[in-house]
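These notes concern the structure reproduced below.
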Amino acid sequence: MKVLAIETSCDDTGVALLDVRESQVKILADFVSSQNEIHAPYGGVVPNLAVRAHYKNLPILLEAVLGKIDPEKIDLIAATNGPGLEPCLWAGINNAKVLAKALGKPIVGVNHLEGHIAANFFAANSKLLNYGAITRSGATGWKTQNSKLLFPAICLIVSGGHTQLVFMKKIGEYKVIGQTRDDAAGEAFDKVAKMLGLGYPGGPEVALLAKKGVSDAFQLPRPMIDSKDFDFSFSGLKTAVRYLLQKLEKSPSALPASSAGQALCKRGGREREIQVPNSQFPVPDICASFQQAAIDVLVDKTIKAAQKYKAKAVMLAGGVAANKELHRQMENAVKKTIPNSQFLVPSSCYCTDNAVMIGLAGYWKFMRQGKGDRVEKIEAQANLNF
Ligand code: KG4
Ligand code: ZN
């Protein structure tokens with residue numbers, strides 16, 4: 001089934017074309033137009049600039065994708081309809097509706113969060129993990145192949161807007177068992193980066209600099225690590241970094257030896273060198289200490305949830321899942337504490353927002369429903385949840 005997918009929930013315009021078969025997905029086209037340069041001067045996403053860029057980028061990306069296929073051969077159109085910034089969501093939805101009507105094709109509105117989960121079911125080499133395929137099972141409807149291998153599963157979704165632990169009985173059946181009570185993890189990375197005068201988005205900057213720092217240089221809190229539920233809180237951690245900077249400003253003698261130098265890292269497949277900023281603060285040590293505090297809470301709660309719900313797989317999803325240190329420490333914790341469970345994480349370019357994940361989640365929804373959504377029923381839902 002050929003799926004044309006559109007993602008515009010925040011500040012990345014994504015358009016993709018997928019050929020989804022029973023046990024594999026072939027990525028025929030995958031374009032993401034990043035708006036980082038537009039929002040960087042403001043240190044965060046400016047909604048009206050984001051919408052304007054989506055409306056400008058979408059026709060260009062759609063034309064490029066439609067040049068790769070006879071539009072008649074498209075079987076389904078999928079567009080993110082929430083959660084996200086409402087005017088941005090409408091940009092994608094409106095373009096998708098026009099296309100669906102003009103081509104006479106079915107259309108589905110896709111939950112962005114299910115999209116992030118779906119990114120665990122294809123690899124950068126375009127092969128769908130075969131246990132993720134949905135096949136028809138007689139009269140009983142759709143079921144997942146080899147679901148015994150993976151389900152039930154626990155997925156930690158960590159992005160700029162969300163931090164959620166999701167219990168997955170199977171593909172399509174999700175229950176949020178815990179979530180952040182204030183800031184999302186990615187938001188905390190971005191805000192700490194801003195306090196340190198780093199670039200936007202802050203998560204990748206903090207992660208690169210943390211490689212050059214010492215993770216126990218400063219003692220920072222691990223909010224809610226001992227709470228009995230699976231909720232999170234990151235605003236206290238962010239505030240603790242603010243207080244730390246104020247303290248260091250007043251008494252520079254409290255500074256540990258600074259770890260100056262350069263980190264050489266890979267990002268987006270290219271070698272990227274990050275210069276340690278010339279700052280009054282030991283930025284790498286602060287980044288490493290903050291990152292470790294966030295990772296400790298995320299790993300601890302995810303493992304406890306996996307144990308309680310007897311998860312056969314632990315998955316990571318969302319932009320923060322691109323953090324290699326989180327990936328490494330979560331994988332080690334799964335191996336050590338629940339060795340019979342599998343660990344999955346998307347390739348880092350599919351952790352952050354993209355349209356391929358929306359195409360696969362759209363395919364799942366279409367298969368579950370056995371049909372598309374009614375066009376007039378598809379609306380932007382800024383606070384859509386599971
Ligand atoms: O999933 P995503 O692309 O957009 C939302 O749905 O929010 O996630 C973006 C978030 C940003 O907060 C960004 O700073 C964070 O993911 N992020 C990272 C890394 N790469 C992206 N955070 C920590 N480490 C990274 N390597
Ligand atoms: Zn996202």
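The values are calculated or read from the model by the stated rules, or taken from the named source; none is laboratory data. A quick note: this is a predicted structure, and the numbers were derived from the prediction, not measured. Using ideal geometry, Cβ is built from the backbone for each residue, glycine included, and neighbour counts are taken over all protein chains shown.
Specify the residue that is surrounded by the fewest Cβ atoms within 10 Å (Cβ to Cβ); the eligible residues are those in the range 1-12 that are near ligand 2 (Cβ under 10 Å from one of its atoms) and part of a strand (DSSP E or B). Ranking the candidates gives D12 first. When K371 is tested against the conditions (1) basic (K, R); (2) within 20 Å of L99 (Cβ to Cβ); (3) not in a loop (DSSP other than H, G, I, E, B), the lone failure is (3). Being under 15 Å from the mean Cα position of the chain (by Cα) and of a type in the set (V, I, T) is the filter here, so list the residues in the range 155-179 that pass it. Result: I157, V158, T163, V166.
Report yes if T80 is touching an Asp or Glu at 6+ places or on another chain (Cβ under 6 Å), within 16 Å of ligand 2 (Cβ to nearest atom) and at pLDDT 95 or above, otherwise no. Before the answer, list the steps.
Details: touching an Asp or Glu at 6+ places or on another chain (Cβ under 6 Å): yes; within 16 Å of ligand 2 (Cβ to nearest atom): yes; at pLDDT 95 or above: yes.
Yes: the conditions hold for T80.
With respect to the stated conditions, G268 is out of contact with any strand residue (DSSP E or B) (no Cβ under 8 Å at 6 or more places or on another chain), at pLDDT below 95 and closer than 22 Å to Q329 by Cα. When the criteria are applied in full, A16 meets the requirement of being surrounded by 21 or more Cβ atoms within 10 Å (Cβ to Cβ) and in contact with a Leu (Cβ under 8 Å, 6 or more places away or on another chain). Residues in the range 327-379 that are within 15 Å of ligand 1 (Cβ to nearest atom) and aliphatic (A, V, I, L, M) were compared, and the one that is farthest from the chain's Cα centre (by Cα) is M330. Taking first residues from the range 183-196 that are closer than 13 Å to A288 by Cα and partners that are away from ligand 2 (no atom under 15 Å from the Cβ) and among the acidic types (D, E), the Cβ contacts under 6 Å between residues at least 6 apart in sequence or on separate chains come to A193/E205.
Evaluate the following for E376: is it without any contact (Cβ under 8 Å) to a residue 40 or more places away in the chain, farther than 20 Å from N81 by Cβ and either in contact with a Pro (Cβ under 7 Å, 6 or more places away or on another chain) or of a type in the set (D, E) (or both)? Taking the combined requirement at face value, the residue does not satisfy it.
Report those helices (runs of 4 or more DSSP H) wholly inside the range 13-121 carrying at least 1 residues which are closer than 26 Å to L150 by Cβ.
Those helices (runs of 4 or more DSSP H) span 112-118.
Among residues of the range 194-206 being out of contact with any Phe, Trp or Tyr (no Cβ under 7 Å at 6 or more places or on another chain) and within 19 Å of D11 (Cβ to Cβ), the one that is surrounded by the fewest Cβ atoms within 10 Å (Cβ to Cβ) is G199. Looking only at residues of the range 285-334 that are part of a helix (DSSP H, G or I), in contact (Cβ under 8 Å) with a residue 40 or more places away in the chain and basic (K, R), we find that the one that is farthest from P204 (Cα to Cα) is K304. The condition (being out of contact with any Pro (no Cβ under 7 Å at 6 or more places or on another chain) and on the phi > 0 side of the Ramachandran plot) is satisfied by just one residue among G67, G84: G84. Whenever a residue of the range 335-357 is over 26 Å from G160 (Cα atoms), its partners that are part of a loop (DSSP other than H, G, I, E, B) and away from ligand 1 (no atom under 13 Å from the Cβ), lying with C-beta atoms within less than 7 angstrom and at least six residues away or across chains, give the pairs S341/A311; S341/K312.
Would you confirm whether any residue within the range 19-31 is more than 15 Å from G67 (Cα to Cα), within 11 Å of ligand 1 (Cβ to nearest atom) and under 20 Å from the mean Cα position of the chain (by Cα)? No, the conditions are met nowhere in the range 19-31.
Is it the case that I157 is near ligand 1 (Cβ under 10 Å from one of its atoms) and assigned to a strand (DSSP E or B)?
Details: near ligand 1 (Cβ under 10 Å from one of its atoms): yes; assigned to a strand (DSSP E or B): yes.
So I157 fits the description; yes.
Conditions (1) more than 16 Å from ligand 2 (Cβ to nearest atom); (2) in contact with a Ser or Thr (Cβ under 9 Å, 6 or more places away or on another chain); (3) not in a strand (DSSP E or B), marked per residue:
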| residue | (1), (2), (3) |
| --- | --- |
| V166 | no, no, no |
| G186 | no, yes, yes |
| A193 | yes, no, yes |
| G199 | yes, no, yes |
| V206 | yes, no, yes |
| M224 | yes, yes, yes |
| L237 | yes, no, yes |
| A240 | yes, no, yes |
| L245 | yes, no, yes |
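What number of residues in the range 304-326 are within 19 Å of the chain's Cα centre (by Cα) and buried (at least 19 other Cβ atoms within 10 Å of the Cβ)? Before the answer, list the steps.
Initially, the range 304-326 is screened for residues within 19 Å of the chain's Cα centre (by Cα), giving 313-326.
Narrowing further to those that are buried (at least 19 other Cβ atoms within 10 Å of the Cβ): 313-323, 326.
The total comes to 12.
Within the range 2-38, the residues that satisfy the criterion of being modelled with pLDDT under 95 and touching a Phe, Trp or Tyr at 6+ places or on another chain (Cβ under 6 Å) are V20, V25.
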